[in-house]
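> My questions all concern the structure below.
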Amino acid sequence: MPRRSSYARAARASTSPPVSADSESPRHCSRASPTTTSAISCAHLAASGTRLTHALPASDPTTLAAVHLCEDGSAAYSFHANGTADRGLRPEHLAALPDGGTLPAGTALHLGSLGLLLEPLASTLDGLIRREADRRLVSLDPNVRPGLVTDRAACLRRFAEWVALADMVKASDEDLAWLHPGESYEGAAERRLASGQDSS
(Lines give C-alpha, C1' and ligand atoms only; values in the text may rest on other atoms or scores of the structure.)
Protein backbone atom coordinates (compact mmCIF):
# COMPACT_ATOMS: atom_id res chain seq x y z
CA MET A 1 0.00 0.00 0.00
CA PRO A 2 1.19 3.55 -0.56
CA ARG A 3 2.84 5.24 2.37
CA ARG A 4 0.70 8.27 3.19
CA SER A 5 2.26 11.33 4.76
CA SER A 6 0.50 14.40 6.09
CA TYR A 7 1.31 17.88 7.33
CA ALA A 8 0.23 19.08 10.73
CA ARG A 9 0.02 22.84 11.06
CA ALA A 10 1.86 23.86 14.21
CA ALA A 11 3.37 26.81 15.98
CA ARG A 12 7.01 27.55 15.42
CA ALA A 13 9.08 24.89 17.11
CA SER A 14 12.50 23.33 16.89
CA THR A 15 13.32 19.66 16.67
CA SER A 16 16.11 17.53 18.04
CA PRO A 17 18.35 15.24 16.00
CA PRO A 18 17.10 11.71 15.28
CA VAL A 19 15.18 10.18 18.15
CA SER A 20 13.99 6.65 18.69
CA ALA A 21 11.02 6.67 21.08
CA ASP A 22 9.42 3.75 22.87
CA SER A 23 6.89 3.31 25.68
CA GLU A 24 9.56 3.97 28.32
CA SER A 25 11.50 7.00 27.09
CA PRO A 26 13.07 8.37 23.92
CA ARG A 27 16.67 7.78 22.91
CA HIS A 28 18.74 10.64 21.54
CA CYS A 29 21.15 9.73 18.75
CA SER A 30 23.95 12.12 17.81
CA ARG A 31 27.66 12.77 18.23
CA ALA A 32 28.27 14.81 21.38
CA SER A 33 31.39 16.93 21.87
CA PRO A 34 33.14 17.33 25.25
CA THR A 35 32.25 21.04 25.45
CA THR A 36 30.33 22.73 28.24
CA THR A 37 27.55 23.57 25.77
CA SER A 38 27.16 19.92 24.83
CA ALA A 39 27.23 18.86 28.47
CA ILE A 40 24.42 21.30 29.25
CA SER A 41 22.35 19.93 26.34
CA CYS A 42 22.93 16.32 27.41
CA ALA A 43 22.02 17.16 31.01
CA HIS A 44 18.79 18.80 29.81
CA LEU A 45 17.93 15.74 27.71
CA ALA A 46 18.62 13.39 30.61
CA ALA A 47 16.55 15.51 33.00
CA SER A 48 13.63 15.33 30.57
CA GLY A 49 13.76 11.53 30.60
CA THR A 50 15.69 11.01 27.37
CA ARG A 51 18.14 8.11 27.39
CA LEU A 52 21.61 8.90 26.08
CA THR A 53 22.57 5.32 25.25
CA HIS A 54 22.83 6.32 21.58
CA ALA A 55 24.88 9.50 22.13
CA LEU A 56 28.39 9.05 20.75
CA PRO A 57 31.39 10.91 22.22
CA ALA A 58 33.25 13.12 19.74
CA SER A 59 36.15 15.55 19.92
CA ASP A 60 34.65 18.04 17.43
CA PRO A 61 33.06 21.30 18.64
CA THR A 62 29.33 21.76 19.24
CA THR A 63 27.05 23.41 16.68
CA LEU A 64 25.96 26.83 17.90
CA ALA A 65 22.92 28.81 16.79
CA ALA A 66 22.20 32.50 17.29
CA VAL A 67 18.52 33.48 17.31
CA HIS A 68 17.09 36.87 16.39
CA LEU A 69 13.40 37.57 16.98
CA CYS A 70 11.83 39.57 14.15
CA GLU A 71 9.15 42.22 14.56
CA ASP A 72 6.44 39.79 13.42
CA GLY A 73 7.44 37.32 16.14
CA SER A 74 9.21 34.90 13.83
CA ALA A 75 12.78 33.82 14.48
CA ALA A 76 15.83 34.22 12.26
CA TYR A 77 18.85 31.98 12.83
CA SER A 78 22.54 31.99 12.11
CA PHE A 79 24.70 28.92 12.69
CA HIS A 80 28.27 28.00 13.47
CA ALA A 81 28.27 24.46 12.12
CA ASN A 82 31.51 23.89 10.19
CA GLY A 83 33.34 20.80 11.42
CA THR A 84 30.97 20.25 14.31
CA ALA A 85 30.19 16.98 16.06
CA ASP A 86 26.56 16.45 15.13
CA ARG A 87 26.95 17.08 11.40
CA GLY A 88 29.84 14.59 11.33
CA LEU A 89 27.60 11.57 11.95
CA ARG A 90 28.54 8.79 9.51
CA PRO A 91 27.22 5.25 8.86
CA GLU A 92 30.13 3.74 10.77
CA HIS A 93 29.06 5.70 13.84
CA LEU A 94 25.58 4.16 13.64
CA ALA A 95 27.16 0.73 13.34
CA ALA A 96 29.02 1.39 16.62
CA LEU A 97 25.78 1.96 18.53
CA PRO A 98 24.30 -0.69 20.86
CA ASP A 99 23.17 -3.79 18.92
CA GLY A 100 25.09 -2.61 15.87
CA GLY A 101 22.77 0.33 15.34
CA THR A 102 19.63 -1.81 15.18
CA LEU A 103 16.74 0.15 16.66
CA PRO A 104 14.69 -1.63 19.33
CA ALA A 105 11.51 -3.33 18.18
CA GLY A 106 8.36 -1.25 18.49
CA THR A 107 10.14 2.10 18.41
CA ALA A 108 9.44 5.12 16.23
CA LEU A 109 12.07 7.19 14.43
CA HIS A 110 11.95 11.00 14.36
CA LEU A 111 14.34 13.16 12.35
CA GLY A 112 14.68 16.37 10.38
CA SER A 113 16.03 19.91 10.67
CA LEU A 114 19.79 20.17 10.04
CA GLY A 115 19.78 16.50 9.07
CA LEU A 116 18.24 17.49 5.76
CA LEU A 117 21.07 19.86 4.93
CA LEU A 118 24.46 19.22 6.46
CA GLU A 119 26.82 16.55 5.19
CA PRO A 120 27.82 13.89 5.98
CA LEU A 121 24.92 13.85 8.46
CA ALA A 122 22.28 14.23 5.73
CA SER A 123 23.49 11.22 3.72
CA THR A 124 23.78 9.14 6.89
CA LEU A 125 20.20 9.92 7.86
CA ASP A 126 19.07 9.33 4.29
CA GLY A 127 20.38 5.78 4.56
CA LEU A 128 18.79 5.35 7.99
CA ILE A 129 15.30 6.49 6.97
CA ARG A 130 15.39 4.31 3.85
CA ARG A 131 16.43 1.31 5.97
CA GLU A 132 13.82 1.87 8.66
CA ALA A 133 10.80 3.22 6.77
CA ASP A 134 9.09 -0.16 6.38
CA ARG A 135 10.01 -1.34 9.87
CA ARG A 136 8.58 1.37 12.12
CA LEU A 137 6.66 4.64 12.27
CA VAL A 138 8.77 7.50 10.91
CA SER A 139 8.05 11.15 11.70
CA LEU A 140 9.70 14.10 9.99
CA ASP A 141 10.03 17.76 10.99
CA PRO A 142 11.82 19.75 8.25
CA ASN A 143 12.44 22.72 10.58
CA VAL A 144 13.97 24.54 7.61
CA ARG A 145 16.92 26.86 8.19
CA PRO A 146 17.25 28.83 4.92
CA GLY A 147 20.56 30.38 6.00
CA LEU A 148 22.19 26.96 5.79
CA VAL A 149 20.75 26.01 2.40
CA THR A 150 23.37 26.13 -0.35
CA ASP A 151 21.39 24.16 -2.96
CA ARG A 152 17.63 24.76 -2.73
CA ALA A 153 16.79 22.27 -5.50
CA ALA A 154 18.76 19.48 -3.81
CA CYS A 155 17.16 20.25 -0.43
CA LEU A 156 13.66 20.18 -1.90
CA ARG A 157 14.40 16.93 -3.71
CA ARG A 158 15.64 15.23 -0.54
CA PHE A 159 12.70 16.58 1.44
CA ALA A 160 10.23 15.17 -1.10
CA GLU A 161 11.94 11.78 -0.93
CA TRP A 162 11.83 11.76 2.88
CA VAL A 163 8.16 12.81 2.92
CA ALA A 164 7.36 9.80 0.73
CA LEU A 165 9.07 7.57 3.34
CA ALA A 166 7.55 9.21 6.41
CA ASP A 167 4.27 8.34 8.11
CA MET A 168 3.86 11.76 9.70
CA VAL A 169 5.22 15.20 8.77
CA LYS A 170 5.02 18.25 11.02
CA ALA A 171 5.72 21.67 9.52
CA SER A 172 5.54 25.25 10.79
CA ASP A 173 4.17 28.22 8.88
CA GLU A 174 7.76 29.26 8.09
CA ASP A 175 8.61 25.78 6.83
CA LEU A 176 5.65 25.73 4.46
CA ALA A 177 6.35 29.24 3.20
CA TRP A 178 9.84 28.12 2.16
CA LEU A 179 8.95 24.63 0.94
CA HIS A 180 5.70 25.59 -0.83
CA PRO A 181 5.70 29.37 -1.38
CA GLY A 182 2.25 30.80 -2.04
CA GLU A 183 0.47 27.53 -1.25
CA SER A 184 -1.81 26.91 1.71
CA TYR A 185 -0.90 24.17 4.15
CA GLU A 186 -4.11 22.35 3.20
CA GLY A 187 -3.10 22.46 -0.45
CA ALA A 188 0.42 21.28 0.31
CA ALA A 189 -0.90 18.42 2.43
CA GLU A 190 -3.39 17.29 -0.21
CA ARG A 191 -0.74 17.38 -2.91
CA ARG A 192 1.69 15.34 -0.83
CA LEU A 193 -1.03 12.83 0.04
CA ALA A 194 -1.98 12.52 -3.62
CA SER A 195 1.65 11.80 -4.54
CA GLY A 196 2.01 9.00 -1.96
CA GLN A 197 3.98 6.13 -3.36
CA ASP A 198 4.72 2.51 -2.63
CA SER A 199 8.02 2.40 -0.76
CA SER A 200 8.57 -1.30 -1.33
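The values are calculated or read from the model by the stated rules, or taken from the named source; none is laboratory data. Here the structure is a predicted model, which is why all the values come from computation and not from measurement. Backbone-built Cβ (ideal geometry, glycine too); neighbour counts: all protein chains shown.
> Show the residue pairs that are 6+ apart or on different chains and have beta-carbon atoms under 6 Å apart, the first residue being within the range 95-117 and within 27 Å of P146 (Cα to Cα), the second being modelled with pLDDT under 80.
Once the first residue is within 27 Å of P146 (Cα to Cα) and sits in the range 95-117, its partners that are modelled with pLDDT under 80 give L109/S20; H110/V19; L111/P18; G112/T15; S113/T15.
> Next up: For the range 123-142, does any single residue satisfy the condition of being more than 22 Å from N82 (Cβ to Cβ), surrounded by fewer than 18 Cβ atoms within 10 Å (Cβ to Cβ) and touching a residue at least 40 places away in the same chain (Cβ under 8 Å)?
yes
> So, one more: Assuming S38 fulfils every condition listed in (1) of a type in the set (S, T, N, Q); (2) surrounded by 19 or more Cβ atoms within 10 Å (Cβ to Cβ); (3) modelled with pLDDT under 50 apart from one, which condition is it?
The number of the failed condition is (3).
> Among the residues of the range 165-185, how many are in a loop (DSSP other than H, G, I, E, B) and aliphatic (A, V, I, L, M)?
Final tally of qualifying residues: 1.
> Here is a list of conditions, (1) touching a Pro at 6+ places or on another chain (Cβ under 9 Å); (2) touching a residue at least 24 places away in the same chain (Cβ under 8 Å); (3) farther than 20 Å from T53 by Cβ, and A81 meets all of them except one; can you say which number that is?
The failed condition is (1).
> Within the range 59-79, identify whether any single residue is buried (at least 18 other Cβ atoms within 10 Å of the Cβ) and hydrophobic (A, V, I, L, M, F, W, C), and answer yes or no.
Within the range 59-79, none of the residues are buried (at least 18 other Cβ atoms within 10 Å of the Cβ) and hydrophobic (A, V, I, L, M, F, W, C).
> Please work out which one of (1) more than 13 Å from the chain's Cα centre (by Cα); (2) surrounded by 18 or more Cβ atoms within 10 Å (Cβ to Cβ); (3) at pLDDT 90 or above is the condition D151 fails and give its number.
(2)
> Please find, within the range 80-93, the residue that is modelled with the highest pLDDT out of those that are on the phi < 0 side of the Ramachandran plot and exposed (fewer than 12 other Cβ atoms within 10 Å of the Cβ).
Selected residue: E92.
> Taking the condition of being under 17 Å from the mean Cα position of the chain (by Cα) and either of a type in the set (A, V, I, L, M, F, W, C) or modelled with pLDDT of 85 or more (or both), how many residues in the range 94-124 meet it?
17
> When W162 is evaluated against the numbered criteria (1) surrounded by 13 or more Cβ atoms within 10 Å (Cβ to Cβ); (2) in a loop (DSSP other than H, G, I, E, B), which criterion, by number, is the only one it fails?
With respect to (1) surrounded by 13 or more Cβ atoms within 10 Å (Cβ to Cβ); (2) in a loop (DSSP other than H, G, I, E, B), W162 is out only on (2).
> Right, next: Scan (1) within 24 Å of L94 (Cα to Cα); (2) assigned to a helix (DSSP H, G or I); (3) in contact with a His (Cβ under 6 Å, 6 or more places away or on another chain) for the single condition A188 breaks and write down its number.
If we test A188 against (1) within 24 Å of L94 (Cα to Cα); (2) assigned to a helix (DSSP H, G or I); (3) in contact with a His (Cβ under 6 Å, 6 or more places away or on another chain), just (1) comes out false.
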